[in-house]
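Participant: Take a look at this one; I'll ask things after.
The values are calculated or read from the model by the stated rules, or taken from the named source; none is laboratory data. From a predicted model like this one, the values you see are computed outputs, not experimental measurements. Cβ placement follows ideal geometry from the backbone for every residue including glycine, while neighbour counts extend to all protein chains displayed.
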2 protein chains.
Amino acid sequence: MGTVDVIIVGAGTAGLGALREVRKRTESFIIINDGPWGTMCARVGCMPSKALIEAAGEFHRRLVFPELGLSGGEGLRVDTGAVLARVRKVRDGFVSETRELTDQLGERAISGRARLRGPGQVEVGGRVLEARSIVLATGSRPTVPEAWRPFADRLLTTDSLFEERGLPSRLAVVGLGPVGLEMAQALARLGVQVTAFHAAQTIGGLSAGPVNDAALELLRHELTVHLGHEAQLTAARLPAAGSEGANGEGLRVTAGAAGVVIERALVALGRTPNVQGLGLETLGVPLDEKGLPEVDRTTLQVAGLPIFLAGDANAEVPLQHEAADDGHISGLNAVASSVRRFARRTPLSIVFTDPNLAQVGQRFDARAPDRTVVGEARFADQGRSRMMLRNAGLLRLCADREDGALTGAELFAPEGEHLAHWLALAIHRRSTVFDLLRAPFYHPTVEEGLRTALVEIAKQLPRLSGDGAFPLLSTPGA
Amino acid sequence: MGTVDVIIVGAGTAGLGALREVRKRTESFIIINDGPWGTMCARVGCMPSKALIEAAGEFHRRLVFPELGLSGGEGLRVDTGAVLARVRKVRDGFVSETRELTDQLGERAISGRARLRGPGQVEVGGRVLEARSIVLATGSRPTVPEAWRPFADRLLTTDSLFEERGLPSRLAVVGLGPVGLEMAQALARLGVQVTAFHAAQTIGGLSAGPVNDAALELLRHELTVHLGHEAQLTAARLPAAGSEGANGEGLRVTAGAAGVVIERALVALGRTPNVQGLGLETLGVPLDEKGLPEVDRTTLQVAGLPIFLAGDANAEVPLQHEAADDGHISGLNAVASSVRRFARRTPLSIVFTDPNLAQVGQRFDARAPDRTVVGEARFADQGRSRMMLRNAGLLRLCADREDGALTGAELFAPEGEHLAHWLALAIHRRSTVFDLLRAPFYHPTVEEGLRTALVEIAKQLPRLSGDGAFPLLSTPGA
């Protein structure tokens, strides 16, 4: 095989995004994948986790049935085996869809572990392949401390959780980033007694502040949370009664003064880019402590070389929609005569807890307080949220004091995933709070909470807000 | 009492909106209300209906419990008495909130039926009051044909439905506008055998077309629907078994060849403005067949007079948020030295069926087909919707062929109320489909369905869509 135009290493979300762009422009490409084909998102990420959350969320709603006038909710049971079987069934459907693109490629899709041999060469399965450009999209894997290897049989990650045939009665969740948080709440709602440990004081990627506090307060009604100390694991014997661990052996998790003995621990300490053994050192460019070269996010290019590093592998923004964009940008640039820069999207991240956590636009901890005005809405008293018996949570919006432009949002709110999309569009379209207040807010919806927070900002900017008709109305052009 | 600055007739959403603006500017006002204080929305509209829908929706979800891995759903029961009691409890809370503003007004809040005696005079309870400006916001009532008066004991409207202590086993719903549609589905889900009649072929205010067809197809799984003929009512004896009607007397509803004998009929034929006996004829301006004068929606003024007609009473857009705007505009103008024109919001209407129905922006039946491009998304196959087992529905977007600006949307979709707010903001901000495709769509969310429809439009506009990188990426400024 001669030199091809592009080799793509990795057939996850980023690799497939690259493949889509490359295929539109050339037939001369190879895609190499190590391990199972099908994206991480579909196999062990977004999709199975949301399927688990869906079952947990529905089951949880039985608690409001009496208030709504529905009886018999106390007879509802979770069949955890059936829940997990459904998670896998749904997952398998999504995986097979993500495989459609590569299943038809014949010899241009190679299974095996690829290794760079310099900017234009890749070795796989003993063969050396040559390409004008190479897209590296090798993804990431759950981070598990080396020291915990002796307890591997009692550890779960999202790679293994959804393969389980049942759920333990007691579980520790180590790490309350987005994934740990989602799983901790969902497993608790499915009847697992969950104890969560998190080294930081902020959870789910939030900045320190009222939204983090509100989220913690609410989550603590559902699970035990220990913050502020790194968790330590040691082997422990389980108490005799109800022991379900491997041979009665369990784990002791300690963090500061807190400790618990449990059957299994779900390790959710983030993800590590899959670049070990990839041969990045053959590129002749500096690598950081993670073994990663510098990557320009607007091009995905590595140091002027015909090498592009996309998706979780570049450790930039580990979100599916950003990985897809990474793929498209790197695919476009891999076949282009000259590398183009692309604008990136308005930041948006969502954690599918209930209520949803989300961050939009500029992070609250990155803002300049003297240039910023903050508006809030609390959902405890919000009309529609009360009606739905989902009335908990807090929304905070930031706007620029100079021009009233909405700059960022943090929220822990009912229907938060939807509010976050509205806010992301508002920021993307460079809207001021005054103009946003002229958009329609239907009654009764949770979106009325957006208006509450926007009005609070507008009131703090009297110089910009005109004659008092501002929250509602604009005068049409003469 | 001398001449006051403003008399507001009606303390509903529009009247209270006017009151809020007037109070900021003068203490010289009177507000008059006939019947119970508290807005129609809170008493018999948005709020109790949504509370009923909430119970119905939760109960309905038991049907997906087995698929999710939850057992015992077959033991769930609706206690309709308890459901209705909760509806009233929630309703009472919202009503008391809407009464807060007027409860403190003392003599400036008058209970009674007001009648105009010309542009500056109002008669109430035998007194004549004078004002520089008058805001008429008398609201509306359910439309019930005069000929059906003999069966009044067997008819329900939204004025009486929520006062019931239980629900009949069989019910006809006459009229499938937004209210009829919401109640028909909710009552069916609460166990009532519902037969619905609708004179038109389009339901819920939709235009004729695929969204209407999709909505009808789905709703017909839950209730019997007869379209295309006006319903006729006659007295009928109920079959002996299970008869619960007043004294065994029921109703026969016929429409074309269809007919049914039921215990009660919910009449949902729209609402009639409360202007009978209001004395509009004393203004000396032409009145239409509904008895209404012409009103400028940008000012709410009647024919250059110091008279403003706001909310449902003007029969323009019978939606709560538009009535509130009407109130604010009329209140502002009632105290202003000269009348100002105000821009109105991007049209947004939502019907809280499941899936939600919504219309945004320009109506589909008002568009110029040769200037329009349409994009669709079907939710049967949409990722997140499948995961939630809410995978049904259709979204259609319209854009301008010349510049790619999004102009309107019709949808019957999961989380449709939220998609509709996003679309309303997009249209409000005069966005093109190309720019909207550069906003973030998180994975996995129903908002990805928006992207599907936007991409379909963009592909039909190759002249505008650039070099193929369009759906995702913009090149940053040099």
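Participant: Report yes if some residue within the range A:159-170 is assigned to a loop (DSSP other than H, G, I, E, B), closer than 27 Å to A:VAL295 by Cα and in contact with a strand residue (DSSP E or B) (Cβ under 6 Å, 6 or more places away or on another chain); otherwise report no.
Facilitator: Looking for residues that are assigned to a loop (DSSP other than H, G, I, E, B), closer than 27 Å to A:VAL295 by Cα and in contact with a strand residue (DSSP E or B) (Cβ under 6 Å, 6 or more places away or on another chain), one finds none in the range A:159-170, hence no.
Participant: Filter the range A:58-87 down to the residues that are touching a helix residue (DSSP H, G or I) at 6+ places or on another chain (Cβ under 7 Å) and more than 9 Å from chain B (Cβ to nearest Cβ) and list them by number.
Facilitator: A:HIS60
Participant: Condition check: closer than 23 Å to A:GLU74 by Cβ, touching a residue at least 24 places away in the same chain (Cβ under 8 Å) and not charged (D, E, K, R). Does B:GLY81 satisfy that?
Facilitator: Answer is yes for this residue.
Participant: When the range B:429-457 is examined, which residues are found to be buried (at least 23 other Cβ atoms within 10 Å of the Cβ) and outside any loop (DSSP other than H, G, I, E, B)?
Facilitator: The answer is B:VAL433, B:LEU436, B:GLU447, B:GLY449, B:LEU450, B:ALA453, B:LEU454, B:ILE457.
Participant: Check A:ALA56, A:ALA18, A:ALA82 and return the single one that is farther than 30 Å from A:ARG390 by Cα and small (Gly, Ala, Ser).
Facilitator: It is A:ALA18.
Participant: Does the range B:145-154 contain any residue that is basic (Lys, Arg), assigned to a helix (DSSP H, G or I) and under 24 Å from B:THR254 (Cβ atoms)?
Facilitator: yes
Participant: Could you please find all residues in the range B:136-159 being modelled with pLDDT of 95 or more, surrounded by 16 or more Cβ atoms within 10 Å (Cβ to Cβ) and more than 23 Å from the chain's Cα centre (by Cα)?
Facilitator: Correct list: B:TRP148, B:ARG154.
Participant: Does any residue in the range A:1-12 that is closer than 16 Å to A:ALA137 by Cβ come within less than 8 Å, Cβ to Cβ, of a residue that is part of a loop (DSSP other than H, G, I, E, B) and of a type in the set (Phe, Trp, Tyr) six or more places away or on a different chain, and which pairs are these?
Facilitator: Taking only residues 6 or more apart or on different chains, the pairs are A:ALA11/A:TRP37.
Participant: Determine, yes or no, whether B:ALA420 is facing another protein chain (nearest Cβ under 10 Å), touching a residue at least 24 places away in the same chain (Cβ under 8 Å), crowded, with 24+ Cβ neighbours inside 10 Å and part of a helix (DSSP H, G or I).
Facilitator: In short, yes.
Participant: Right, A:PHE29: at pLDDT 95 or above, surrounded by 18 or more Cβ atoms within 10 Å (Cβ to Cβ) and either closer than 25 Å to A:LEU116 by Cβ or more than 14 Å from chain B (Cβ to nearest Cβ) (or both) or not?
Facilitator: So A:PHE29 passes the test.
Participant: If a residue must be more than 26 Å from the chain's Cα centre (by Cα), closer than 21 Å to A:SER338 by Cα and free of Cβ contacts under 8 Å to residues at least 24 places away in the same chain, how many such residues does the range A:281-307 contain?
Facilitator: Here the count works out to 3.
Participant: From the list A:GLY277, A:GLY270, A:GLY304, A:GLY291, pick out the single residue that is surrounded by fewer than 23 Cβ atoms within 10 Å (Cβ to Cβ) and at pLDDT below 95.
Facilitator: Checking each option against the conditions leaves just A:GLY304.
Participant: Looking at B:VAL194, B:VAL179, can you tell me which residue is farther than 19 Å from B:VAL261 by Cβ, surrounded by 22 or more Cβ atoms within 10 Å (Cβ to Cβ) and of a type in the set (A, V, I, L, M, F, W, C)?
Facilitator: B:VAL179
Participant: Out of (1) out of contact with any Lys or Arg (no Cβ under 7 Å at 6 or more places or on another chain); (2) modelled with pLDDT under 95, what's the single condition that is false for A:ALA246?
Facilitator: (1)
Participant: Can you name the condition, by its number, that B:ARG99 falls short on among (1) in contact with a Lys or Arg (Cβ under 7 Å, 6 or more places away or on another chain); (2) more than 7 Å from chain A (Cβ to nearest Cβ); (3) closer than 18 Å to A:PRO444 by Cβ?
Facilitator: Against the list (1) in contact with a Lys or Arg (Cβ under 7 Å, 6 or more places away or on another chain); (2) more than 7 Å from chain A (Cβ to nearest Cβ); (3) closer than 18 Å to A:PRO444 by Cβ, B:ARG99 comes up short only on (1).
Participant: Next up: Please specify each residue of the range B:424-454 satisfying the condition of being more than 7 Å from every other protein chain (Cβ to nearest Cβ), hydrophobic (A, V, I, L, M, F, W, C) and within 22 Å of B:ARG386 (Cα to Cα).
Facilitator: B:VAL446, B:LEU450, B:ALA453, B:LEU454
Participant: When A:THR432 is evaluated against the numbered criteria (1) farther than 16 Å from A:CYS398 by Cα; (2) modelled with pLDDT of 95 or more; (3) of a type in the set (Ser, Thr, Tyr), which criterion, by number, is the only one it fails?
Facilitator: Unmet for A:THR432, out of (1) farther than 16 Å from A:CYS398 by Cα; (2) modelled with pLDDT of 95 or more; (3) of a type in the set (Ser, Thr, Tyr): (1).
Participant: Among the residues of the range B:323-351 satisfying the criterion of being among the small types (Gly, Ala, Ser) and either within 10 Å of the chain's Cα centre (by Cα) or assigned to a helix (DSSP H, G or I) (or both), which is farthest from the other protein chains (Cβ to nearest Cβ)?
Facilitator: Here the residue is B:ALA334.
Participant: When you look at A:ASN356, is it within 14 Å of chain B (Cβ to nearest Cβ) and out of contact with any helix residue (DSSP H, G or I) (no Cβ under 7 Å at 6 or more places or on another chain), yes or no?
Facilitator: When the stated conditions are applied, A:ASN356 does not pass them.
Participant: Return a yes/no flag: does the range A:312-322 have any residue that is more than 14 Å from chain B (Cβ to nearest Cβ), within 26 Å of the chain's Cα centre (by Cα), more than 26 Å from A:LEU406 (Cβ to Cβ) and buried (at least 24 other Cβ atoms within 10 Å of the Cβ).
Facilitator: yes
Participant: Also: Would you confirm, using the coordinates I've provided, whether B:ALA55 is modelled with pLDDT of 95 or more, more than 8 Å from chain A (Cβ to nearest Cβ) and surrounded by 16 or more Cβ atoms within 10 Å (Cβ to Cβ)?
Facilitator: No.
Participant: If you don't mind, another one. Give the residue that is farthest from B:LEU187 (Cα to Cα), with candidates limited to residues of the range B:89-107 that are in contact with a helix residue (DSSP H, G or I) (Cβ under 7 Å, 6 or more places away or on another chain) and touching a residue at least 60 places away in the same chain (Cβ under 8 Å).
Facilitator: Once the filter is applied, the top-ranked residue is B:LEU101.
Participant: Answer yes or no as to whether B:THR13 is surrounded by fewer than 16 Cβ atoms within 10 Å (Cβ to Cβ), within 14 Å of another protein chain (Cβ to nearest Cβ) and of a type in the set (Val, Ile, Thr).
Facilitator: no
Participant: While we're on this one: Read through the list (1) at pLDDT 95 or above; (2) under 30 Å from B:ILE8 (Cα atoms); (3) of a type in the set (D, E, K, R), then give the number of the only condition that B:ARG341 fails.
Facilitator: (1)
Participant: Let me ask something additional. Just checking, does the range A:229-249 include any residue being touching a residue at least 12 places away in the same chain (Cβ under 8 Å), outside any helix (DSSP H, G or I), of a type in the set (Val, Ile, Thr) and touching a Phe, Trp or Tyr at 6+ places or on another chain (Cβ under 7 Å)?
Facilitator: no
Participant: Considering each of A:ARG363, A:ARG401 in turn, give the residue that is away from every other protein chain (no Cβ under 14 Å), surrounded by fewer than 24 Cβ atoms within 10 Å (Cβ to Cβ), within 18 Å of the chain's Cα centre (by Cα) and more than 30 Å from A:ILE31 (Cβ to Cβ).
Facilitator: Among A:ARG363, A:ARG401, only A:ARG363 is away from every other protein chain (no Cβ under 14 Å), surrounded by fewer than 24 Cβ atoms within 10 Å (Cβ to Cβ), within 18 Å of the chain's Cα centre (by Cα) and more than 30 Å from A:ILE31 (Cβ to Cβ).
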